[in-house]
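Contents: one structure, followed by commentary.
The values are calculated or read from the model by the stated rules, or taken from the named source; none is laboratory data. For clarity, every value in this text was computed on a predicted model and none was experimentally measured. Ideal geometry is used to build each Cβ from the backbone, glycine not excepted, and the neighbour counts take in all protein chains shown.
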Amino acid sequence: MTRVFLASLLTVLLALLPICARAQLRGHGGPVRAIAVSKDGKTALSGSFDTAAIRWSLKTEAAEQVLRYHTDAVNAVAFLKDGRMATAGADARIAIWTPGRAQPDQVFEGHRAPIASLAVSPDGASLASASWDHTVRVWSLADGQPQVFDGHTQNVNGVAFTPDGRSVVSVGYDYELRIWPLAGGRPEIVALPSPLNAVVIGAQGEIVTAGADGKVRFLNPDGRLIGKVQGGASPIIALAISPDGALVAAAGIGGTISIIDRKARTVVRTLLSPASPVWSVAFLPDNATLLSGGADGLIRRWNARTGDTIGPSLPSTPHDPLAAFQGDHGAEVFRACVACHTLSEKEPQRAGPTLAGLYGRRIASLPGYPFSEALKHLNIVWTPETVSKLFELGPSTYTPGTKMPEQRIGSAADRKALADFLGRATAK
């Protein structure tokens, strides 16, 4: 069967699900990495680690179209001003779609690593992308030509246009927020005390950013720090600002969403999601309804002003893929990896390859997973020793060209516990 036929069939099957099953927008087979809402509030677009994007009717709570083009996780989505859509992913490509068409109208290529964020210019003529290749690109939607901004020294995780459309703001793992003038010239560089994961900008130009230390920082349009709020105890990985600028939603790895009064600089309520981490958040035009995307593949609705969930009752406890290993220290070390990797081939695909049958397998040899070309040329076979070395040196050093986020485990005892656990948990 062709890919187009499969996509059409999946759309039909999703639409036939009972209302009670899809009322929280159920359809993705992996964590929901990105959400966007159309200007009229009638449609949502989501991207997932399952490599698909879905266009949803928020009135009927049904999937209207499944967009399948990317060969890896869809990390960013956006609605364009002309009614089209943009999706971008870990395959380093941007696809431009017309609703109802099975294939993209255009594909923008040029990034050399996963794309983490997209932003549409105020005039609708340009699309900005942030990538782990350390660059920001601003693409002309008319001809696909990019303007490249190079200067970050680590992964760039977030990008946003200023309200006047004259600059783009980017944030990255290198602790830097950069304000790039589109007309050229040197960027304004702001050093902050934490790796940064997300950025949004209010209608008056106030910049909001957050990252690994759980703090939400507010800066004026020139980049001067004017306030900060502790948005959570764990790293914040997604931000959204209500259209009226009154509220900021900060979502974190720990499963909480902090609702912040932007003017008062205070957390007014905390939403606890059953799915941890919360990867994405987006406000509807009513300034109160919030959508969140979690690790369980569901998109949930919240009233951000009251903290109430909208729709059927949500499960009181999330599924814990490590519940069977309670008390195992190696499993607790592995917990940081469960967002991207499964231990069994029976679980839905996540961003990374399954680890089932890991030991004895050559790197980048698992059938059906789109590994980068660089990994296919490495002479590594996975064993307890090579897994330990991976986290001693870090993925970018030990496996150059990897799509894996940079992370190290400093304790030799923790590395051994993880390696031993993987031997037990992934054996076929």
Wholly within the range 75-135, strands (runs of 3 or more DSSP E) carrying at least 2 residues that are buried (at least 17 other Cβ atoms within 10 Å of the Cβ) and without any contact (Cβ under 8 Å) to a residue 60 or more places away in the chain: 85-89, 93-97, 115-120, 126-131
Here is a list of conditions, (1) within 30 Å of Ala288 (Cα to Cα); (2) modelled with pLDDT of 75 or more, and Ser313 meets all of them except one; can you say which number that is? (2)
Conditions first: (1) touching a Phe, Trp or Tyr at 6+ places or on another chain (Cβ under 6 Å); (2) more than 28 Å from Ala288 (Cβ to Cβ); (3) not hydrophobic (A, V, I, L, M, F, W, C). Pro31 passes all but one, so which condition is the exception? (2)
Among Ala249, Ala240, Ala210, the single one that is part of a strand (DSSP E or B), in contact with a strand residue (DSSP E or B) (Cβ under 6 Å, 6 or more places away or on another chain) and more than 28 Å from Asp150 (Cα to Cα) is Ala249
For the range 112-122, does any single residue satisfy the condition of being at pLDDT 95 or above, over 19 Å from Gly158 (Cα atoms) and in the same structural domain as Asn157 (by TED's automatic domain parsing)? no
Test: Ile253 is modelled with pLDDT under 95 and out of contact with any Gly (no Cβ under 8 Å at 6 or more places or on another chain): yes
Could you grab the pairs with beta carbons closer than 8 Å, sequence gap of 6+ or different chains, first residue in the range 172-191 and touching a residue at least 60 places away in the same chain (Cβ under 8 Å), second one of a type outside the set (Val, Ile, Thr)? Tyr173/Gln154; Tyr173/Asn155; Tyr173/Asn157; Tyr173/Pro195; Tyr173/Leu196; Tyr173/Glu406
For the range 283-294, check the following and say yes or no: at least one residue is touching a His at 6+ places or on another chain (Cβ under 9 Å), buried (at least 22 other Cβ atoms within 10 Å of the Cβ) and over 17 Å from Gly231 (Cα atoms). yes
Filtered residues of the range 33-53 (kept if touching a Leu at 6+ places or on another chain (Cβ under 7 Å) and in a strand (DSSP E or B)): Ile35, Ala36, Val37, Thr43, Ala44, Ala52, Ala53
In the range 363-373, how many are loosely packed, with under 13 Cβ neighbours inside 10 Å and at negative phi? 2
